[in-house]
Amino acid sequence: MPDFSFEHQYEGIVCGVDEAGRGPWAGPVVAGAAILDPSRLPDDLRRDLDDSKKLKAAKREALLERLCESDGVRLGLGVASVEEIDSVNILQATFLAMRRAVEDLGVLPNFALIDGSKVPPGLPCDAAAIVKGDGLSLSIAAASIQAKVARDLMMVELDLEYPGYGWANNAGYGTKQHQEGLAVLGVTPHHRKSYAPVRKILSLLESSDSTCSIKRES
């Protein structure tokens, strides 16, 4: 279970940072940042926080509500759009979202704990990367919940705008329902066109258009 062991290694204000949505074929990548005050964080919340991937959706949402209501918590959110993902690649877009999440905290932390193996360049503070940090650091665990809940909600809203892909359930990942939606409905503005499965669909559509043009000309 996560605790404050990593946070206690650094002086001053320490934040945790994590992302959600690197793998999906559609939608933005979202990062969360969290500052937890160990002296003010409720004991029950401290016990319940964990890596968002280990928690069911209802538990994540309830935990985020409790985090937002706690005086000992400060949260930030950062988003990088599909256009930014396609322009600079998913890794750089993730770094961009993480920087935005830290900036959204409203205070400048002295140190940031980053989930993963790489520290985003350009952070406004020193930082360290922690592999599987969302299961080790309470601050990163809180950030992971913030990012996951926020992104899932965004995908539910996009599903209402573009039904047929199952985004409310699959969050944009390449599930069978999503693949079937792409085959029938085609590519939306919210698909990551730099991703190979989406590029393949676009290539097939372009080939089909070209074939139709040739047939019409003959």
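Bear in mind these aren't lab numbers, they're just calculated from the coordinates by the rules spelled out. Not measured: the values here are computed from a predicted model. When we count neighbours, we look across all protein chains shown, and the Cβ atoms used for this are built from the backbone with ideal geometry, even at glycine.
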*With runs of 4+ DSSP H residues as the only contributors, calculate the mean residue ellipticity of the chain at 222 nm using -39,500 (n - 2.57) per run, divided by the residue total and rounded to the nearest 500.*
-14500 deg cm²/dmol
*Post the alpha-carbon centroid distance, the range 117-138 to the range 4-59, in whole angstrom.*
11
*asked:* If you take Rg and Dmax of the Cα atoms in Å from the coordinates, which of (i) 19.7, 78; (ii) 20.3, 84; (iii) 29.6, 85 do you get?
replied: (i)
*Rel. contact order, % - alpha carbon contacts under 8 angstrom, at least six apart, the chain*: 29
*Taking the Cβ of Gly116 as the centre, find all other residues whose Cβ is under 10 Å away and add up their charges (Lys, Arg: +1; Asp, Glu: -1).*
-1
*What relative contact order, as a whole-number percentage, does the range 82-143 give when Cα pairs under 8 Å and 6 or more residues apart are counted?*
25
*DSSP loop trypsin sites (Lys or Arg not before Pro) in the range 18-69 with at most 10 other Cβ atoms within 10 Å of their Cβ, which ones?*
Arg40, Lys56
*Within the range 132-177, trypsin sites (Lys or Arg not before Pro) in DSSP loop having at most 16 other beta-carbon neighbours inside 10 Å*: Lys132
_Which lysines, if any, have their Cα less than 27 Å from the Cα of Lys54, not counting same-chain residues under 8 positions apart?_
Lys118, Lys132, Lys148, Lys176
*Taking the Cβ of Asp152 as the centre, find all other residues whose Cβ is under 11 Å away and add up their charges (Lys, Arg: +1; Asp, Glu: -1).*
0
